[in-house]
Amino acid sequence: MEVLAQLLLVVSNTLQIYSLILLVRVLLTWFPNLDWSNPVLSTVSSITDPYLGVFRGLIPPIGGLDLSAILAFLALSFGQQILGSLSMSVLAGAY
């Protein structure tokens with residue numbers, strides 16, 4: 001049981017790191033003159049674009065604003081909370 005709780009915490013922490021990378025990606029879109037062929041920027045883009053693409057299909061840009069990132073952050077936050085709660089429940093049940 002403790003192994004399952006640790007695994008859930010690792011996945012939850014991974015989602016938290018992904019949230020930070022996603023935040024960097026969203027903030028970088030505010031600078032239109034960035035060279036996205038830069039290896040660091042292209043890596044950030046290749047990591048986050050597939051996930052954001054799912055939400056862009058659900059919410060089209062409104063007035064030039066891409067609001068899909070808000071839904072993407074909410075989904076990540078929800079996933080983190082669920083995994084954190086599950087890991088705590090598993091740990092509490094083990095003792």
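Things to note:
- Residue in the range 88-95 that is open to solvent by 90 Å² or more (accessible area, probe 1.4 Å) and either in contact with a Cys (Cβ under 9 Å, 6 or more places away or on another chain) or within 23 Å of VAL26 (Cβ to Cβ) (or both) present: no
- For the range 57-87, taking the residues that are of a type in the set (Ser, Thr, Tyr) and over 15 Å from TYR18 (Cβ atoms), the one that is most open to solvent (accessible area, probe 1.4 Å) is identified as SER85.
- The range 25-49, residues that are of a type in the set (A, V, I, L, M, F, W, C) and surrounded by 13 or more Cβ atoms within 10 Å (Cβ to Cβ): VAL26, LEU28, LEU41, VAL44, ILE47
- So ALA69, is it in a helix (DSSP H, G or I), farther than 17 Å from LEU9 by Cα and among the hydrophobic types (A, V, I, L, M, F, W, C): yes
- Number of positions in the range 46-65 that are at pLDDT 90 or above and out of contact with any helix residue (DSSP H, G or I) (no Cβ under 7 Å at 6 or more places or on another chain): 5
- Top-ranked residue in the range 12-24 [being modelled with pLDDT of 90 or more and open to solvent by less than 90 Å² (accessible area, probe 1.4 Å); ranked as farthest from LEU83 (Cα to Cα)]: VAL24
The values are calculated or read from the model by the stated rules, or taken from the named source; none is laboratory data. These numbers were taken from a predicted model, which means no experiment stands behind them. Every residue, glycine among them, receives a Cβ derived from its backbone with ideal geometry; neighbour counts consider all protein chains shown. Calculation scope for accessible area: heavy atoms of the full protein, side chains included, ligands and nucleic acids excluded. Shrake-Rupley method; radii C 1.70, N 1.55, O 1.52, S 1.80 Å.
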